[in-house]
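The values are calculated or read from the model by the stated rules, or taken from the named source; none is laboratory data. The model shown is predicted, which means the values in this text are computed figures rather than measured ones. For neighbour counting, all protein chains shown are included, and Cβ atoms are generated from backbone atoms with ideal geometry for every residue, glycine included.
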Amino acid sequence: MPIATRKRKADSTTASADATSEPQRKLTKVSKALQKDSISQEQAALPATPQTLTSDKGMDSDDDFNSVASSMDLGEEMSSSVDFGAGESDVDIDDDYQDDGAFDATAKDLAPKRKHFEVEFKVYSPQDIQSQQDTQIAEVANLLEQPSEATAILLRHTRWNKERLIEQYMDNQEQMLDKAGLGQEINQNPPRVVVKNGFTCDICCEDGPGLETFAMNCNHRFCTDCYRQYLTQKIKDEGEAARIKCPGDGCRKIIDAKSLDLLVPNELTDRYHQLLMRTYVDDKESLKWCPAPNCVYAVECGVKKRDLNKIVPTVHCECKQSFCFGCTLPDHQPCPCVLVKRWIKKCEDDSETANWISANTKECPKCNSTIEKNGGCNHMTCRKCKNEFCWMCMGLWSEHGTSWYNCNRFEERSGTDARDAQAKSRQSLERYLHYYNRYANHEQSARLDKDIFHKTERKMTLLQSTSGMSWIEVQFMEAASQALQQCRQTLKWTYAFAYYLARNNQTEIFEDNQKDLEMAVENLSEMFEKPTDQLAGLKVEMMDKTTYCMRRRVILLDDTAKNLKEETWKFNVELR
Amino acid sequence: MAGMSGKRLQKELAKIQGVLPPGITLVSAPDLQTWHMDLRILDNPLYPPHDHYRLKFSFSKNYPIEAPEVVFLRLTTDPRRDIPIHPHIYSNGIICLDLLDAQGWSPVHNVESICISIQSMLASNTKDERPPGDAEFVRSNRARPRDINFLYHDPSV
Ligand SMILES: [Zn+2]
Ligand SMILES: [Zn+2]
Ligand SMILES: [Zn+2]
Ligand SMILES: [Zn+2]
Ligand SMILES: [Zn+2]
Ligand SMILES: [Zn+2]
C-alpha cells in the first residue's frame with residue numbers, strides 16, 4: 001500500500017482515547033520494571049532451586065520436551081546460557097524452559113547424539129496445546145488459590161507470563177484482580193442479563209417491553225441481541241477473542257471471559273476457544289504456528305532470538321513443512337536468519353539487474369544458438385553443435401569434476417585491475433551476480449525437477465498398469481525427487497551464505513563441501529531426467545546416488561553449523 | 001438475525017427526515033442500502049459556505065454492527081459537487097477516518113453522528129492539501145474503503 005496517511009481521529013472519540021492511553025503507557029513502564037526485577041531474581045534463584053514441573057503434559061515423550069533447552073548444545077559457551085547478558089534488550093524469560101532445562105541430564109545422555117545443525121523441537125496438535133494450557137492453569141490456580149476460570153483470565157491478561165503474574169499478584173492482589181476485570185465488584189455482581197422495561201437499545205433502536213439487556217460495569221447497556229451480534233462480528237469476521245472491547249463509543253473496557261461465556265452464541269464457542277488458543281501460542285516465545293496454509297499444528301522450540309546468530313533452527317512440522325523457527329520462512333540452512341533477510345532485501349532491490357540471469361534461455365557459448373533449459377540439470381548439450389557446457393558458468397562440462405575446476409567459487413581478481421572506483425563497483429556487481437546466479441539457478445532447478453517428477457510419476461503409473469511393476473517399486477523416484485528438492489534448497493542458501501562470507505582458512509572447506517554436494521546433485525539430477533524406459537534399469541544406481549546426495553548435504557550442514565556455533569566464520573557484514 | 005439493519009435504518013430515517021443539525025441535509029434514501037447526504041461547512045474559509053459536498057452511505061445487512069461505507073462523490077452535472085480538500089480525504093472521495101473502520105467503529109454511531117464528525121473534521125481543518133501519496137493511491141487503489149489499512153492514527157491533524 002503506497003499510502004502512509006495518518007488517520008484522523010474523530011472528534012467525538014479523541015478525548016476519551018487520549019484519556020485512557022496515558023495510564024496504559026504508564027502500565028507498560030511498570031511492568032517492564034517488574035520484568036527486569038524478575039530476571040535478576042530468576043538468575044539468582046535458578047542454580048539453587050531447579051523446580052520440577054508436573055510431567056503430566058499430555059505428551060508422548062516428556063523427556064524430549066524437558067531436555068529441549070538443556071541439550072540445546074550450543075557448544076561450550078552454552079553452559080552459561082541462563083546468564084542473560086546485562087545489556088540484553090529483549091526480555092524473553094520463559095520459566096518453563098529455565099525450569100525444565102535445569103534437570104534431567106539422564107535423558108540427554110541416553111539420547112542419540114544430535115547433529116550440529118539439528119535442534120530439538122516438538123510438534124503439538126490443537127489438543128496438546130489445550131492440555132498444556134490446562135496444566136498451567138491448574139498449576140497456577142493451585143498457587144494463587146483461585147478458581148481455574150479466574151486463573152485462566154489472569155494468565156491471558158499477563159500474556160501467559162507466569163512469573164510476572166505471580167509476582168504482581170503477590171504484590172497487590174486486589175489491583176491485579178481489578179486490572180484483569182476480576183475485581184471484587186465482579187465477584188459480588190457476576191455478569192447477568194437484565195430485563196428492562198422502557199429501555200431503548202442504542203444499536204437497534206428496539207424499545208419494546210421485556211427487552212433483555214446487558215452491560216458491564218462501564219454501564220454501556222445494549223440489548224442482548226445486539227451484544228451477541230457484535231460479538232459474532234468480532235469473533236467470526238475480525239478474529240478477536242481475548243481482547244474484545246465494549247461496543248460503547250470510545251469505551252476501552254475489555255469484555256471479560258465471564259461475560260463472554262454468558263453472551264457468545266453457542267455456535268461460536270468452538271471458534272472462540274480456537275482463537276483463545278491462538279493467543280496462547282502467540283504470547284509464548286517458545287511456541288510458533290506452522291506457517292503452512294491451513295496447518296493447525298504448533299511447534300515448540302527452545303532457541304531464543306539471541307541465539308539466532310549461532311544456530312539456524314530448522315523444524316519439521318507434522319504436515320511435512322520444514323521451516324525456520326527463528327523467522328518462520330521455509331528452511332534456509334545453513335544461512336543465518338539475519339543474512340537471509342539481508343539477502344532477500346538485496347535481491348529485491350537489485351531485481352532488475354539480476355533478472356536477465358535467471359531467464360530460461362541462454363546462448364550456446366560455441367555456436368550462439370539459443371538454448372532453453374527445461375530440466376533441473378546444469379549439464380547442457382547444444383543440439384546444434386553438440387557442445388557440452390555448464391549452464392551456470394558456461395564453461396566446458398568436461399572440466400567439471402576435475403579437481404582444479406571451481407564453478408562454485410567466485411575468483412576475486414587481483415588488486416591491480418580493481419583500483420579505480422568503477423572497476424571496484426563492477427567487480428562487486430560481478431561478485432553479487434556470481435552468487436545470485438547460482439542461488440536463483442537452484443531455486444529454478446528445484447521447480448524443474450519437480451515438474452519432471454510429476455511427468456515421470458504419471459508415466460510410472462502407466463508403467464505399473466502395463467508392466468506389473470508395483471507402486472512400492474517406483475518409490476525410489478519419489479525419494480530421488482525429494483532429495484533433489486532438499487539438496488537444492490540447501491545449496492541455494494549456501495550461495496547467499498557464501499556471498500556474506502569473508503575469506504579465511506575455513507572458507508575453503510566450505511567451498512569444497514559445497515562443490516561436492518553440487519556435483520552429487522547434478523549427477524542425480526542428470527540421471528533423473530533420463531527417459532522413463534531407462535529409469536527402471538537405473539534404480540539401484542539412483543538409490544545409491546540419492547543416499548550419497550543426502551550424506552553430502554549432512555556433511556555440509558554439520559560443518560557449517562558447527563563453525564557457526566563456534567563463531568569461526570567471519571562475515572563481511574555485521575550479524576545484526 | 002439477518003437484516004438487523006432494517007429496523008434501525010427506518011428509525012434513523014424517521015429522525016433524519018425531521019430535524020438535522022445546520023449544514024447537514026438528506027438528499028435521498030431510496031432504499032435501506034444506499035443513502036445520499038449533503039454537507040456544508042459553515043465557518044471555515046477553505047470551504048465556501050454555499051458549497052455542498054455529497055456523501056454516499058452504503059449499508060451492509062450487518063449495519064450498525066458493521067460500519068457503513070462512506071465516501072464523497074464528485075458530480076459533474078447539476079447539481080455539481082466537488083470532493084473537499086483535506087489531508088485525510090483522497091481525491092477519489094475515500095475518507096481516512098478511524099470511526100469508519102472496524103477498530104474505531106462503535107455500533108452506537110449513526111448516519112447523523114458520522115455526518116457531524118466529518119463536518120467538524122472539515123470545519124477545523126487548516127491545510128489546503130490532499131493526503132501524501134494521493135495521486136499514487138488514487139491511481140492504484142482497487143480495494144474497498146473498509147479493506148484499506150490506513151497506517152497511522154494521528155489525532156492532531
Ligand atoms: Zn463500555
Ligand atoms: Zn439492540
Ligand atoms: Zn504444519
Ligand atoms: Zn530463519
Ligand atoms: Zn552450440
Ligand atoms: Zn559450471
Log entry, pairs with first residue in the range B:110-131 being without any contact (Cβ under 8 Å) to a residue 12 or more places away in the chain, second being of a type in the set (D, E, K, R), beta carbons closer than 7 Å, six or more apart or on different chains, reads B:120/A:11
By residue number, the members of the range A:272-306 that are of a type in the set (Lys, Arg) and either crowded, with 16+ Cβ neighbours inside 10 Å or in a loop (DSSP other than H, G, I, E, B) (or both) are A:278, A:284, A:288, A:304
Scanning the range A:315-331 for residues that are closer than 17 Å to residue A:115 by Cβ and away from ligand 3 (no atom under 12 Å from the Cβ), the one surrounded by the fewest Cβ atoms within 10 Å (Cβ to Cβ) turns out to be A:331
Within the range A:528-560, residues being in a helix (DSSP H, G or I), at pLDDT below 90 and not charged (D, E, K, R) number 7
Review point. Does residue A:201 satisfy the criteria of being at negative phi and either part of a loop (DSSP other than H, G, I, E, B) or within 16 Å of ligand 1 (Cβ to nearest atom) (or both)?
Key: yes
When residue A:200 is run through (1) away from chain B (no Cβ under 14 Å); (2) at pLDDT 85 or above; (3) surrounded by fewer than 17 Cβ atoms within 10 Å (Cβ to Cβ), the failure sits at (1)
Note on residue A:242: of the conditions (1) away from ligand 2 (no atom under 16 Å from the Cβ); (2) surrounded by fewer than 19 Cβ atoms within 10 Å (Cβ to Cβ); (3) away from chain B (no Cβ under 14 Å); (4) not basic (Lys, Arg), unmet is (2)
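Just one of B:61, B:7 is exposed (fewer than 15 other Cβ atoms within 10 Å of the Cβ) and in contact with a Cys (Cβ under 8 Å, 6 or more places away or on another chain); which is it?
Checking each option against the conditions leaves just B:7.
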When the range B:6-39 is checked residue by residue, the ones that are free of Cβ contacts under 8 Å to residues at least 60 places away in the same chain and either assigned to a loop (DSSP other than H, G, I, E, B) or in contact with a Ser or Thr (Cβ under 7 Å, 6 or more places away or on another chain) (or both) are B:17, B:18, B:19, B:22, B:29, B:30, B:31, B:32, B:33, B:34, B:36, B:38
Residues of the range A:212-237 being within 13 Å of chain B (Cβ to nearest Cβ), farther than 18 Å from residue A:252 by Cα and outside any helix (DSSP H, G or I), in sequence order, are A:223
Scanning the range A:299-350 for residues that are acidic (Asp, Glu) and over 13 Å from the mean Cα position of the chain (by Cα), the one farthest from ligand 2 (Cβ to nearest atom) turns out to be A:350
